[in-house]
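Before any comments, here is the structure.
The values are calculated or read from the model by the stated rules, or taken from the named source; none is laboratory data. A quick note: this is a predicted structure, and the numbers were derived from the prediction, not measured. Cβ sites come from the backbone with ideal geometry, for glycine too, and all protein chains shown count toward neighbours.
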Amino acid sequence: MNPKKQHTKSLHEIAGISLPEIINSKSANQVQKWRKKQTSSKELIDGILTGDIAVLSRAITLIESTNVSHLAQANEVITACLLHANKSVRIGVTGVPGVGKSTFIEAFGKHLTACGKKVAVLAVDPSSTISHGSILGDKTRMEELVKDANAYIRPSASGETLGGVARKTRETIILCEAAGFDTIIIETVGVGQSETAVHSMVDFFLLLKIAGAGDELQGIKRGIMEMADAIVINKADGDNIKKANLAKVAFNRALHLFPAKKSDWTPTTATCSSITGEGIPEVWQTIEKFLELTNENNSFVEKRAEQNNYWLLETINDQLRSHFYNHPEIENLLASTQKAVQKNEISPFAAAQKLLKKYFKD
């Protein structure tokens, strides 16, 4: 063989270099055995309630599983943890990609742990619509917070869920609360899709902005702005401080044009720097004022009750959708029906009615 044609790929092993030996083969084998071991519901529940992070992570993996055989055990664990949940403040953090969400959450999280809080960060990473893969790199971005003993970071792929919220994030919140975390931060993929999902599972909705993102007219556009409980202009440092302050004034004017919230809370605007830490303590002070007001007028409890009802209906919709597409008869008919629709042999609406009629008849 011609030695020049031996390696046709850019990645190859150089001859003479052997793979490094495993430092501790016994430990590696123990880890592999532990991963393969089927953990009982009682072991998962007990581990969560004692704050065992490894068990918590394993339980979250269980409830995120799309394997139907895992559903019963996942529901058993969630039901047991419900008795120990609902004792935290849930904060949603959103903003366009590049606004500095991960950097802000790390600085904010470090401030909270310094105040004696136990913080769980549920970071939702975007999934590729082509490969369906996800980088899950938030732990890399939050390299200081991930080492904090009072913090837990769990990245999850958004999958096909609109708004960048993983399908099981709502249940993950319950497990984290049962594990003793009193502050839950949910980082979304970013603005652009429906953010209703994250808004319906948090107590306080924080919108991060950057200077130069728009004027007052941009600010009064309904949607994400209307849902925000506070707007924070990030990256207010160096030469950007003046621009950030101008943006704060513009957004503050825009907020006054929105109708009053049911909680009687008036949304606020502020600036901060995730690099220098300037303005970070004030963000938490704002959230504390919000919690004080909403607990006094009982809107905090009312909102939680509304959210529970919302997720009841969402779960029903989700289960119906899953059951429909996994129905044997529908699976057999769907491909041929789709081809008929593509060839204009039947309208999409008539085809849908045909499939639904078949589903409900069976």
Hand me the list of helices (runs of 4 or more DSSP H) wholly inside segment 43-114 holding 1 or more residues that are surrounded by 16 or more Cβ atoms within 10 Å (Cβ to Cβ) and under 15 Å from the mean Cα position of the chain (by Cα).
53-64, 101-114
Of these, E302, E306, E314, which one is more than 21 Å from the chain's Cα centre (by Cα) and either assigned to a helix (DSSP H, G or I) or loosely packed, with under 15 Cβ neighbours inside 10 Å (or both)?
E302
Out of L313, L320, L291, L333, which single residue is modelled with pLDDT of 90 or more and not assigned by TED's automatic domain parsing to the domain that holds F204?
L333
Name the pairs: first residue in segment 306-325 and in contact (Cβ under 8 Å) with a residue 60 or more places away in the chain, second residue surrounded by 11 or more Cβ atoms within 10 Å (Cβ to Cβ) and assigned to a helix (DSSP H, G or I), Cβ to Cβ under 8 Å, at least 6 apart or on different chains?
W311/R170
Cβ-Cβ distance below 8 Å, separation of 6 or more or different chains: which pairs start in segment 242-271 with a residue that is at negative phi and end on one that is aromatic (F, W, Y) and in a loop (DSSP other than H, G, I, E, B)?
P267/F258
Hey, can you tell me all the residues within segment 115-126 that are over 23 Å from T294 (Cβ atoms) and surrounded by fewer than 21 Cβ atoms within 10 Å (Cβ to Cβ)?
D125, P126
Before we move on, is T269 assigned to a helix (DSSP H, G or I) and of a type in the set (S, T, Y)?
no
If you scan segment 84-135, which residues turn out to be modelled with pLDDT under 85 and of a type in the set (D, E)?
D125
Might you let me know whether segment 322-337 holds any residue that is under 24 Å from the mean Cα position of the chain (by Cα) and within 29 Å of A197 (Cα to Cα)?
yes
Yes or no: segment 344-356 includes at least one residue that is within 29 Å of the chain's Cα centre (by Cα), part of a helix (DSSP H, G or I) and either loosely packed, with under 13 Cβ neighbours inside 10 Å or in contact (Cβ under 8 Å) with a residue 60 or more places away in the chain (or both).
no
Can you work out which of the residues in segment 272-299 that are of a type in the set (S, T, N, Q) and in a helix (DSSP H, G or I) is farthest from A197 (Cα to Cα)?
Q285
